[in-house]
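We did not get these values from a lab; they are worked out from the coordinates using the rules stated. All values derive from a computational prediction rather than experimental measurement. All Cβ positions, glycine included, derive from the backbone under ideal geometry; neighbour counts span all protein chains shown.
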């Protein structure tokens with residue numbers, strides 16, 4: 001059992017929790033909690049850590065392939081954890097590996113293109129909702145928040161293991177490649193020509209979703225085939241990025257179910 005926070009592996013876990021550079025260099029990320037631990041594909045598990053109390057209580061609930069954990073003391077686990085009330089299980093997981101070509105393979109693409117999103121909870125919620133709405137892939141500009149941020153991972157509720165995604169070094173060039181593949185690109189924009197539910201999304205579709213505070217950068221919005229808007233009542237100026245994305249994703253789902 002590991003009983004000291006001076007242990008090298010404990011120090012490494014703490015760095016993986018805090019720094020995206022450490023995660024990317026190691027090619028791993030951290031998952032906490034029994035629910036998320038059960039979601040991890042067995043082939044992506046690198047190592048997992050538990051307290052004795054957790055192991056005794058949940059031993060029968062643990063996924064196959066997790067029979068030999070590394071035990072740590074409660075105090076050490078608290079130091080390793082990124083949560084306020086740690087459950088007592090933490091998994092080191094290999095990062096996913098997708099390419100732009102993987103996302104373009106979908107028979108009837110339903111894509112999200114995220115421009116400079118900064119809120120970890122927003123990004124995680126978008127991943128979770130995207131899975132529910134039948135999105136086939138998510139593309140993020142390089143300056144988006146790190147998908148492997150612990151808060152983002154928790155917010156995905158496991159969708160991070162099933163939703164294909166890539167970061168784009170040049171989001172404008174990526175959008176142009178989508179259009180060359182016959183994917184119609186829509187920008188969610190306050191100056192949109194039509195209400196979002198007046199468009200036909202039954203063909204290959206991609207939505208551009210902008211930063212929480214500033215919306216889409218003009219040069220990114222200008223890449224779209226069409227600007228669309230979400231009509232709003234009252235004095236609200238805009239919607240949360242995850243909420244706006246959810247409305248659009250489920251409109252695609254609705255239209256395709258009815259076609």
Estimated FRET transfer efficiency when R0 is 22 angstrom, pair residue 42-residue 97 (beta carbons, to 0.05): 0.85
Nearest-ten-degree value, helix 8-18 long axis tilted from longest Cα axis of the chain: 20 degrees
Nearest-5 percent of antiparallel DSSP beta bridges in the chain? 30 percent
Just need the relative contact order of the chain here, percent rounded to a whole number, with Cα pairs under 8 Å and 6+ apart. 19 percent
Take every Cα pair under 8 Å in region 177-259 that's 6+ residues apart, average their separations, divide by the length, and report that relative contact order as a whole percent. 38 percent
Just to check, using Stokes-Einstein with a Kirkwood Rh over alpha carbon pairs, what's the diffusion coefficient of region 8-94 at 25 °C and 0.890 mPa s in µm²/s? 190 µm²/s
Calculate the spin-label point distance for residue 142 paired with residue 53, positioning each point 7 Å from the Cα along the beta-carbon direction, and give it in nanometres. 4.5 nm
How big is the gap, in Å, between the Cα center of region 203-230 and the Cα center of region 24-87? 39 Å
Mean 1/r over distinct Cα pairs of region 100-258, inverted to a Kirkwood Rh in Å, yields 15.4 Å
Could you compute the FRET efficiency for residue 75 and residue 25, with r as their C-beta to C-beta distance and R0 at 25 Å, rounded to 0.05? 0.35
Quick calc, residue 259 & residue 151: beta-carbon distance into FRET formula, R0 51 Å, rounding 0.05, result 0.85
How do 157, 36, 232 line up, fewest other C-beta atoms within 10 Å first? 232, 157, 36
Between region 123-173 and region 184-200, how many Å separate their Cα centres? 22 Å
Which of the peptides 205-214, 80-89 is most tightly packed, and how do the rest follow, judged by the mean count of other Cβ atoms within 10 Å per residue? 205-214, 80-89
Out of all DSSP beta bridges in region 133-259, what portion is antiparallel? Express it as a percent rounded to 5. 5 percent
Rank these for me by crowding, 161, 54, 127, 250, going from fewest to most other beta carbons within 10 Å. 250, 161, 54, 127
So for 58, 110, fewest C-beta neighbours within 10 Å to most, what's the order? 58, 110
Which value in deg cm²/dmol, rounded to the nearest 500, describes the helix-derived mean residue ellipticity at 222 nm for the chain, given -39,500 (n - 2.57) per DSSP H run of n ≥ 4 and division by the residue count? -10500 deg cm²/dmol
Work out how much length residue 172 to residue 243 would gain on full extension: take 0.36 nm times their residue separation and subtract the Cα-Cα distance, in nm to one decimal. 23.2 nm
